[in-house]
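Shown next, in structure tokens, is the structure this report addresses.
The values are calculated or read from the model by the stated rules, or taken from the named source; none is laboratory data. Note that the structure is a prediction, hence the values are computed from the model and not measured. We place every Cβ from the backbone using ideal geometry, glycine too, and count neighbours over all the protein chains shown. Accessible surface is based on the protein model in full, side chains and every heavy atom, while ligands, DNA and RNA are left aside. Shrake-Rupley method; radii C 1.70, N 1.55, O 1.52, S 1.80 Å.
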Amino acid sequence: MRRIMAILGFVVSIPALSSQSFAGSEIPASRSIAAPIGFSSACARYGWVCRNNSGGRVGDGEALRALQQVNRYVNSRVTPVEDRTTTGRSEYWSLPVNNRGDCEDYALLKMKTLIDVGFPANKLALSVVLDRRGGNHLVLLARLPSGDYVLDNLSGSVKPWHRTGYTFLASQNFKRKGSWQVTLAGPRASQFIKS
């Protein structure tokens, strides 16, 4: 609890960033798909991952500032290490352990921090992507009126999904948080679409 209060205090004390206007869009989603390994146990341990609490309306300007602040704060506080180092398991989704974790751990901490400061849970979703080199990666999506934005431990800035260079494979359903959807979009999406 003390750690969360420290995070909240830091997030609130960061000066407001200049408002940026991004042209965005929502990531296209189609059929349901099985959740990635590690997601179900994270839902069981952390109820907020799959809880669909809605909040008030989210405007772009204020929301983008909060997203930028949380993204930078978590990226600066967590050291990247593999699950095997922190938990002894090959794939284990958790909050960072001793301020160390992999991409899932960063994304979960960003989600929790945003929910704790009042960001609507139904506007946040996890997403499995291929990074620019073709490696598997997980990011946090935030849905704003102007589109979906990505919070990423590999980037200091929050970007519209289509400007990341990532190929989006599957994402947590914004409306039914315990389920996932196919979201084939981005540079390599056509490789996964059957003709």
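Annotations for the structure displayed:
- Residue tally, condition within 18 Å of Lys175 (Cα to Cα) and without any contact (Cβ under 8 Å) to a residue 40 or more places away in the chain, over segment 89-123: 0
- Any hit, segment 27-46, residues being assigned to a helix (DSSP H, G or I), open to solvent by 40 Å² or more (accessible area, probe 1.4 Å) and of a type outside the set (Gly, Ala, Ser): yes
- Top-ranked residue in segment 135-146 [being open to solvent by 10 Å² or more (accessible area, probe 1.4 Å) and small (Gly, Ala, Ser); ranked as modelled with the lowest pLDDT]: Ser146
- Single residue of Arg89, Arg77, Arg84 found to be modelled with pLDDT of 95 or more and open to solvent by 30 Å² or more (accessible area, probe 1.4 Å): Arg77
- Taking the criterion of being under 24 Å from Trp161 (Cα atoms) and open to solvent by 30 Å² or more (accessible area, probe 1.4 Å), the residues of segment 92-121 that qualify are Leu95, Lys112, Ile115, Asp116, Val117, Gly118.
- Hits in segment 110-123 - residues which are within 9 Å of the chain's Cα centre (by Cα) and more than 16 Å from Arg65 (Cβ to Cβ): Met111
- Residue check for Gly178: in a loop (DSSP other than H, G, I, E, B), under 19 Å from Glu26 (Cα atoms), at pLDDT 95 or above and more than 13 Å from the chain's Cα centre (by Cα): no
- Qualifying position, being within 28 Å of Ser54 (Cα to Cα) and not in a strand (DSSP E or B), among Leu140, Leu169, Leu109: Leu109
- Some residue of segment 126-134 being modelled with pLDDT under 95, closer than 23 Å to Ala34 by Cα and of a type outside the set (Asp, Glu): yes
- Number of residues in segment 48-74 that are modelled with pLDDT of 95 or more and among the hydroxyl-bearing types (Ser, Thr, Tyr) equals 1.
- Selection count, segment 64-74, where residues are open to solvent by less than 70 Å² (accessible area, probe 1.4 Å) and touching a residue at least 60 places away in the same chain (Cβ under 8 Å): 7
- The residues of segment 47-85 that are over 25 Å from Gly178 (Cβ atoms) and not in a helix (DSSP H, G or I), listed by number, are Gly59, Val78, Thr79, Pro80, Val81, Glu82.
- Hey, Leu124 buried (at least 24 other Cβ atoms within 10 Å of the Cβ) and within 14 Å of Ala42 (Cβ to Cβ) or not: yes
- Within segment 125-137, the residues that satisfy the criterion of being in contact (Cβ under 8 Å) with a residue 40 or more places away in the chain and either in a strand (DSSP E or B) or charged (D, E, K, R) (or both) are Ala125, Leu126, Ser127, Val128, Val129, Leu130.
- Positions within segment 147-178 being of a type outside the set (Lys, Arg), touching a helix residue (DSSP H, G or I) at 6+ places or on another chain (Cβ under 9 Å) and open to solvent by 30 Å² or more (accessible area, probe 1.4 Å), in sequence order: Asn153, Leu154, Gly156, Ser157, Leu169, Gly178
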